[in-house]
Structure formats: C-alpha cells, structure tokens
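The values are calculated or read from the model by the stated rules, or taken from the named source; none is laboratory data. Treat the numbers as computed from the prediction; the structure is a model and nothing was measured. Cβ sites come from the backbone with ideal geometry, for glycine too, and all protein chains shown count toward neighbours.
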Amino acid sequence: MGHRATLRTMIAGLALLAATPGWGHAVSLDDAAGRYAIDRSSRIGFSVGQVGGGGISGKFTKFSGTFNLDQHDIGKSVVEFSLFPETVATGEPRVESFLRSRAIFDIKDFPQIVFRSTKISQTGENTAEIEGKLTARGTTRTERFQAELTKWNAHAISFHIKGNIYRAPYNMAVGIPIYSNVVQFDMTVNGVRR
C-alpha cells in the first residue's frame with residue numbers, strides 16, 4: 001500500500017473518531033493537509049533516570065516550530081522545531097541552574113536546540129516515525145521520534161511524541177553513569193493551522 005493510500009486509511013479511521021464529542025467534524029485529506037504552527041499549549045517534557053531510582057524530570061517552556069503535512073505523500077511532510085534550554089523547568093532552581101550551565105546546555109554559547117525532519121514514515125493507522133537532524137551544543141546527529149496522532153479537526157491537530165536521545169554525543173556527559181546517558185522525551189505537540 002502506498003503512502004497516499006495509507007494516509008487516506010488513517011484519515012478514514014480518524015473520521016470515525018470525529019463523530020464523537022470534542023473531535024469536531026470529519027475532515028478530508030484536503031482539510032488535514034497544510035501548514036501548522038506549534039502552539040504554546042504544547043508540552044515538551046523530558047526525564048533522565050538515576051541509579052537507585054529518582055532522577056531528573058522537567059519541561060521546556062519556550063519553543064517554536066511548524067509542521068507541513070503534504071497532501072499527497074506523508075513522506076514529503078516536514079517538521080521543524082526549536083526549543084530554548086534557558087527555559088528548562090524542573091521545580092528545583094539549583095538543578096535548573098546546573099542544566100543551563102556550561103556543564104550541560106551551555107545556554108550562553110548555544111541558546112537553541114533545533115530539529116528538522118529528513119524522513120517521515122507511517123508506521124500504523126495513526127502513527128509515524130519522524131527521523132531528522134538534531135543540533136545541540138554545535139553537534140548535529142540523526143535522531144528518531146515516534147509520533148501518534150491524538151486529535152484532529154479543521155483548525156488544529158495534536159500529536160503525542162516520544163523519543164530517546166543519548167546526551168554524551170552532544171557533549172553533555174556530566175554525571176554518567178550515576179545519571180543515565182539517555183534522555184527520554186515525552187511531548188504533546190499541538191498545532192494550529194496557519
């Protein structure tokens with residue numbers, strides 16, 4: 001089954017959900033295709049495990065980006081995303097200061113972390129893998145995220161996105177192995193049609 005056919009299948013399934021309260025009206029492929037701005041209501045959460053339990057969890061409160069859903073081929077869709085590590089929030093001021101320091105994010109020299117997709121592959125009726133280039137602290141690497149479409153109407157769209165990133169390759173290895181090398185991202189990304 002081609003990308004166009006599988007995207008149409010995904011939309012047909014979502015059209016059934018659209019009949020339930022809160023989902024708005026059923027949409028066509030033409031309705032869903034287009035450019036969306038990532039809304040401030042999104043949540044960009046992360047966690048880093050610690051030996052013996054606990055660890056660090058938090059979120060970033062400033063971010064921006066867009067995604068452009070191609071009408072004919074989901075593989076030609078593009079996601080662009082920037083987050084600003086100066087806004088890292090953990091509920092612990094001391095931890096936040098450490099994360100902003102040269103030891104981890106080095107916000108003075110590297111004020112943004114940027115992701116741009118290079119490949120999007122549909123993996124299920126309402127799921128996809130997003131592969132792209134992530135740049136942090138001057139290092140660019142290929143990373144992958146799993147996305148699930150959770151809400152869709154004529155004006156807005158929402159995804160639940162997860163992914164694990166190894167921090168050592170980005171020169172953020174302080175604390176390993178007491179703190180995990182793996183940063184787990186768990187995000188709710190809401191888009192508003194532009």
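Considering LYS119, LYS151, the condition of being surrounded by 15 or more Cβ atoms within 10 Å (Cβ to Cβ) and either of a type outside the set (Phe, Trp, Tyr) or touching a helix residue (DSSP H, G or I) at 6+ places or on another chain (Cβ under 6 Å) (or both) is satisfied by LYS151 alone.
Residue by residue through the stretch 44-84, note down the ones that are modelled with pLDDT of 95 or more, more than 15 Å from GLU96 (Cβ to Cβ), more than 14 Å from the chain's Cα centre (by Cα) and among the β-branched types (Val, Ile, Thr). Once the filter is applied, which keeps residues that are modelled with pLDDT of 95 or more, more than 15 Å from GLU96 (Cβ to Cβ), more than 14 Å from the chain's Cα centre (by Cα) and among the β-branched types (Val, Ile, Thr), the stretch 44-84 yields only VAL51.
Quick one: would you say ARG167 is surrounded by fewer than 17 Cβ atoms within 10 Å (Cβ to Cβ) and either of a type outside the set (Asp, Glu) or under 18 Å from the mean Cα position of the chain (by Cα) (or both)? Taking the combined requirement at face value, the residue does not satisfy it. Filtered by the rule that a residue be touching a residue at least 40 places away in the same chain (Cβ under 8 Å) and among the hydrophobic types (A, V, I, L, M, F, W, C), the stretch 163-194 gives MET172, VAL174, ILE178, VAL182, VAL183, PHE185, MET187, VAL189, VAL192. Exactly one condition in (1) on the phi < 0 side of the Ramachandran plot; (2) modelled with pLDDT of 95 or more is not met by GLY91; state its number. It fails just one condition, (1). Among the residues of the stretch 154-164, those that are surrounded by fewer than 17 Cβ atoms within 10 Å (Cβ to Cβ) and aliphatic (A, V, I, L, M) comprise ALA154, ALA156. If you filter the stretch 125-147 down to residues that are in contact (Cβ under 8 Å) with a residue 24 or more places away in the chain and over 29 Å from ARG100 (Cβ atoms), you find that the one that is surrounded by the most Cβ atoms within 10 Å (Cβ to Cβ) is ALA128.
Criterion applied to PHE110, PHE98 was being buried (at least 16 other Cβ atoms within 10 Å of the Cβ) and without any contact (Cβ under 8 Å) to a residue 12 or more places away in the chain, and the one residue passing it is PHE98. Set side by side, the residues PHE60, PHE84 differ, and just one is closer than 20 Å to ASN181 by Cα and surrounded by 14 or more Cβ atoms within 10 Å (Cβ to Cβ), which is PHE60.
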